[in-house]
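Encoded as structure tokens, the structure appears first; notes follow it.
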Amino acid sequence: MAYRILGRVAAAALFAIAQAGLAEAAELKVLTTPALTEVWHELGPKFEATGHKLTIAYAASGAIGKRVSEGETADLLVSTPAGIDSLIKAGKVADGTNTPIASSGMGVAMLKGAPKPDISTPDAFKRALLAAKAVAYTDPASGGASGVHLAKVLERLGIANEVNAKAKLGRGVPAGSFVVKGEADLAIQQIPELLGVQGIEIVGPLPGDLQNVTTFATGIPLGSAQAEAATSLVRFLQTPESAAVIKKHGLDPIPPATPAKAS
């Protein structure tokens with residue numbers, strides 16, 4: 001009889017633990033820059049193995065700020081640190097949650113197997129852009145960091161009118177997709193976004209001081225009912241295992257800040 005009672009107690013305890021685990025499981029909506037698309041494809045299922053569920057929505061960093069400012073809800077944002085900071089100041093994101101997790105430079109891609117142009121210097125890059133029948137990049141008006149930066153580069157090189165007359169501007173689609181469809185010779189975007197397109201290959205990074213390294217950071221909206229689970233997700237993204245996946249997909253992981261030692 002004692003064994004039966006103990007068995008029932010143990011079963012009840014296991015049931016309570018299971019129920020507690022279910023109660024702690026959360027459904028998280030992540031609103032993120034497309035630069036981390038391939039990272040989410042790989043890390044999302046691994047995080048979901050902990051019991052949580054993720055819904056991933058993609059938008060350019062500028063669009064994320066606009067959507068949240070206009071009332072869209074999410075449990076975790078991944079944008080630029082400046083974008084997260086603006087939302088903190090606007091009272092949309094919790095102060096202290098602006099956490100850098102990765103950075104990426106911009107690159108140039110072309111159809112796989114096609115002759116690679118020289119882009120090793122700013123002058124060579126300028127010649128390659130002028131020689132291309134069409135150049136694809138993110139529409140600056142969408143708020144995408146790579147598009148905004150390239151628009152400035154074209155102005156600096158003095159070829160904005162010539163390139164934009166034949167440009168294919170992407171909104172919500174990878175710039176590399178225009179190359180795959182034969183609508184552009186070159187695609188310029190964040191390197192991770194280029195790596196995610198089948199059928200193209202990287203020519204190289206933007207040369208010299210034309211390069212722009214973008215940092216990506218997380219932020220937890222004040223309206224999230226799943227702030228604790230969102231914090232767990234941020235910590236998950238900072239683990240060595242996640243860092244290896246982030247690096248594999250063309251980004252540089254940013255390790256968590258080390259607390260300062262008391263003097």
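Database remark: amide H of residue 217 closer than 5 angstrom to the amide H of 79, 80, 101 (H placed geometrically; neighbours at sequence offset of 5 or more, or on other chains; Pro and chain starts carry no H). What is the local net charge at residue 115, summed over the other residues whose Cβ is closer than 15 Å to its Cβ (Lys, Arg +1; Asp, Glu -1)? Local net charge: +1.
What the phi angles of the range 30-37 give under the Karplus curve with 6.51, -1.76 and 1.60, with θ = phi - 60°, is a coupling list of 10, 9, 9, 5, x, 4, 9, 3 Hz, glycine and proline written as x. The angle separating the long axis of helix 2-24 from the principal Cα axis of greatest extent in the chain is about 30 degrees. Using Cα-Cα distances under 8 Å and only pairs 6 or more residues apart, what relative contact order does the chain have, in percent? The normalised contact order for the chain reaches 27 percent.
State which entries of 116/247; 53/247; 112/168; 46/181 exceed 27 angstrom in Cα-Cα distance in the structure shown. Pairs exceeding 27 Å: 46/181. Take every DSSP beta bridge whose two residues both sit in the chain; close to 55 percent of them are antiparallel. Give me log10 I(q)/I(0) at q = 0.13 Å⁻¹ for the chain, Debye formula, one equal scatterer per alpha-carbon, no solvent. Debye curve over Cα of the chain, log10 I(q)/I(0) at q = 0.13 Å⁻¹: -0.86. Once the 1.4 Å probe is applied to the protein heavy atoms, the range 78-134 comes out at 46 Å² accessible per residue. If you roll a 1.4 angstrom probe over the protein chains with everything in place, what fraction of the accessible area of the range 62-162 belongs to carbon and sulfur, to the nearest %? Roughly 53 percent of what the probe reaches on the range 62-162 is carbon or sulfur.
Across 210, 237, 251, mean-square fluctuation computed from a Gaussian network of the chain (C-alpha pairs under 10 Å connected) peaks at 210.
Database remark: amide H of residue 167 closer than 5 angstrom to the amide H of 135 (H placed geometrically; neighbours at sequence offset of 5 or more, or on other chains; Pro and chain starts carry no H).
Think of a 1.4 Å ball rolled over the protein heavy atoms: the range 176-240 then has 40 Å² of accessible area per residue.
With the simple spin-label model, which puts each label point 7 Å out from Cα in the Cβ direction, the residue 165 to residue 244 separation comes to 5.2 nm.
With protein chains left intact and a 1.4 Å probe, residues in the range 29-71 average 43 Å² of accessible area per residue.
The values are calculated or read from the model by the stated rules, or taken from the named source; none is laboratory data. Being a predicted model, the structure only gives us computed values, none of them experimental. All Cβ positions, even for glycine, are placed from backbone atoms using ideal geometry, and neighbour counts span all protein chains on display. We work out accessible area using only protein heavy atoms, side chains counted, and drop any ligands, DNA or RNA first. Shrake-Rupley method; radii C 1.70, N 1.55, O 1.52, S 1.80 Å.
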